[in-house]
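Taking it in order: structure first as C-alpha cells, then the write-up.
Just so you know, all these numbers are worked out from the coordinates, no wet-lab data involved. As the structure is a computational prediction, the values presented were derived from the model and not from experiment. As a convention, Cβ positions derive from the backbone with ideal geometry for all residues, glycine included, and neighbour counts pool all protein chains shown.
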Amino acid sequence: MLFSFFRPDMAFCDVYTITPEALKELGVSGVVFDIDNTVAPYEIERPTEKMKEYFSALRSAGIKMAFVSNNKGPRVAMFNESLGLFYVCKAGKPSPKGVRKCIEHFGLAKEQVLAVGDQIFTDCLAAHRAGIRFAIVKPIQASESRFFKFKRFFERPFVKKLDWLNPKNALAKIRKQGRR
Ligand SMILES: [Mg+2]
C-alpha cells in the first residue's frame, strides 16, 4: 500500500535510543544514518564526544554503519573525518541509490539493514524504495526555516500516532513486538 511507503517502521526520540541492544533485538547488523538534524544539527561540523562514543559503541557491537546525506561533499567529509565511515554525499534522497550503495558495501541482506533519518519525503522514502526498514528520529533542531515547516506540515499524517520510543521504554517495547 502506498501509505506504508511514507510510514516509518519505528520511531525513536533520538539516535542515542537506538542502542546496540535494540538493534540486536531488531535483527539489525547495519545502519544507514542521515546526518543533518538526525545525528547532528546543521551548524555542528564535527561530531561531539557524545556522538563519537555512540558510534564507537555500535562499532564495538559489530554494527556496520554508513552515512547517506543529501548535503555536499565537504560537509559530509568533515563530519566523517574522525569516524571513517563509508558514506554517500549528494545522495539525492528520495532516490534509493545511496542507500543501495550502503547495503552493497555492508554485504548484508536487506532485512539486516536499518535506515535512520528525520524526514519522511527524503529519508523514509529512500529507505523504503531500497527495500529496507526505516526508523524516524525527532529532528534535533527546533527552529527551522519556513520551507522545513512547510514540509513538516505534509509529514504529519505519516507520523501521526507513532509510538515514540525513548531510552526507558525502547528495549521492552521492541522485545514485546518481537523481530520482524
Ligand atoms: Mg536530515
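Most tightly packed first, judged by the mean number of other beta-carbon atoms within 10 Å of their residues, the peptides 149-156, 55-62 read 55-62, 149-156.
Which of the residue pairs K110/K173; K90/K160; K64/K138 have a Cα-Cα distance greater than 27 Å in the structure shown? Pairs exceeding the cut-off: K90/K160. From the largest down, segment 1-68 spans 41, 29, 20 angstrom on the principal axes of its Cα atoms.
For the peptides 129-137, 34-42, 168-176, residues were scored by their other Cβ atoms within 10 Å and the scores averaged per peptide; the highest-first order is 129-137, 34-42, 168-176.
Packing order of peptides 121-128, 6-13, highest average first: 121-128, 6-13 (average count of other Cβ atoms within 10 Å over each peptide's residues).
Over all pairs of distinct alpha carbons, what does the Kirkwood formula give as the hydrodynamic radius of segment 114-180, in Å? Evaluated over segment 114-180, this radius sits at 13.4 Å. What is the distance, in nm, between label points placed 7 Å from the Cα along the Cα-to-Cβ direction at S145 and at K168? Spacing of the two 7 Å Cα→Cβ label points: 3.7 nm.
Looking at segment 1-109, the GluC sites (Glu not before Pro) that sit in a DSSP loop and have at most 16 other Cβ atoms within 10 Å of their own Cβ are E43, E45, E81. Our estimate of slack between E21 and F121, defined as 0.36 nm per intervening residue step minus the Cα-Cα distance, is 33.2 nm. Between Q177 and K90, full extension at 0.36 nm per residue minus the direct alpha carbon distance yields a gain of 27.8 nm. Dividing the convex hull volume of the alpha carbon atoms of the chain by its residue count gives 114 Å³ per residue. The label point for R59 and the one for E104, both projected 7 Å from the Cα toward the Cβ, are 2.5 nm apart. Considering only alpha-carbon pairs that sit under 8 angstrom and 6 or more positions apart, the relative contact order computed for segment 2-177 is 34 percent. Calculated [222 nm] ellipticity per residue, helices only, for the chain: -10500 deg cm²/dmol; basis is -39500 (n - 2.57) per DSSP H run with n ≥ 4, divided by all residues, nearest 500.
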